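The block underneath contains the structure these notes are about, expressed in structure tokens.
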Amino acid sequence: MTIELPIKLKQRMAKGKFVIVGRAGMDLSPKPANKQTSEAGTFISDLGGSAANIAVSISKLGGRSQIITVVSDDEIGDFVWKKLEEHKVDTSLVTKSQNNNARTSLAIAEIREEPKVVIYRNNAADLLIDKQNIDNLNLENYAGIVITGTALSDEPSRSTINLLIEKSKNAKCPVIFDVDYRANAWTSISLASAELRGVAKIADMCVGNREEFEIMFEQTDLRKVSANFNPNQIVLFKKGADGCDIILDGETESYTVFKVKAKKPYGAGDAFLGTILHSLSNGLSLESAIKRGNASAAIVVSKEGCASAMPNLNQLIEFIETH
């Protein structure tokens, strides 16, 4: 039996435009590839951050995406804003921080199979998202709102996200929750568990990996994890190289990945989710959307960069046809 998207969710997804909330930052990768950061001759820059990557994934496939974030009022913030616009992401809800000490996230990400990734997030600007960022947001116009979990790690972003979820529910706008757990973003595991679990249990779609479900529910057994969700919630359980499982209304289905030679592991989850949302908004079945999501993830890990590695629609279709 093939799991199908609930009809009301399918109809709402047809509106086509998604708003993604969370971090957008600069990635620096050492060159040449396969070198440790300490051995770098030079670095290449790219747009990164889970919310930015998901938005770019949707946009590059020909969809419509918008991001809610805050960037620092400096050259790094300008870089991020410019790159979002180059990728045709709607930046009308991006603001610059008025806090002179706020900084846009900077990640040093090696391009190798087992990379070291160092993220500088002191006084993170993206955690300054507040009520003013969402006051003029008309949720009637959106296919869904994507919440990335790191945005729950501190105030005022956390309270703003919870207010936004309440507004989304009132507007019957689907809430898609990417758990996006980053240990160094939280002051404690217990706080992370409580905040992430709270949103996961009310989201229309929850997307996470083994570690993230274990942090939220202290278990990774698929049947036990599914007991924490309502029958009408869609759960995507990512298993890395082992593929992913879907849980909906007590039913589960498993999907395999496309085998490729990976240059690095990061960016795959963002491509996976962005591609699934774009596919569903264009009327594809959940099965076809996940197949495309897996293909997009495979493309991203086989290339350098993060946002720049996201495929366009022609590249995605060609990859599926040749694999």
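Brief remarks follow.
- On inspection, ILE119 fails the criterion of being surrounded by 15 or more Cβ atoms within 10 Å (Cβ to Cβ), under 18 Å from the mean Cα position of the chain (by Cα) and farther than 30 Å from LYS264 by Cα.
- Among the residues examined, THR322 qualifies as free of Cβ contacts under 8 Å to residues at least 12 places away in the same chain and farther than 21 Å from ALA24 by Cβ.
- Going through (1) at pLDDT below 95; (2) surrounded by fewer than 22 Cβ atoms within 10 Å (Cβ to Cβ) one by one, LYS291 falls short only on (1).
- Filter result for PHE272 (in contact with a helix residue (DSSP H, G or I) (Cβ under 7 Å, 6 or more places away or on another chain) and within 30 Å of SER45 (Cα to Cα)): yes
- Hey, GLU140 modelled with pLDDT under 95, within 25 Å of GLY198 (Cα to Cα) and surrounded by fewer than 18 Cβ atoms within 10 Å (Cβ to Cβ) or not: yes
- Residues that are buried (at least 24 other Cβ atoms within 10 Å of the Cβ) and part of a loop (DSSP other than H, G, I, E, B), drawn from the stretch 294-304: none
- Members of the stretch 305-315 that are crowded, with 23+ Cβ neighbours inside 10 Å and part of a helix (DSSP H, G or I): ALA307, ALA309
- From the list GLY63, GLY48, the one residue that fits, being touching a Gly at 6+ places or on another chain (Cβ under 8 Å), farther than 19 Å from ALA185 by Cα and crowded, with 20+ Cβ neighbours inside 10 Å, is GLY63.
- Condition broken by ASP126, with the remaining ones in (1) of a type in the set (Asp, Glu); (2) surrounded by fewer than 24 Cβ atoms within 10 Å (Cβ to Cβ); (3) in contact with a strand residue (DSSP E or B) (Cβ under 7 Å, 6 or more places away or on another chain) satisfied: (2)
- When the strands (runs of 3 or more DSSP E) confined to the stretch 30-148 are screened for residues that are touching a residue at least 24 places away in the same chain (Cβ under 8 Å) and aliphatic (A, V, I, L, M), those reaching at least 3 such residues are found at 64-71, 106-109, 117-120, 144-148.
The values are calculated or read from the model by the stated rules, or taken from the named source; none is laboratory data. These figures come from a predicted structure and were not determined experimentally. No Cβ is skipped: glycine too gets one built from the backbone with ideal geometry, and neighbour counts run over all protein chains shown.
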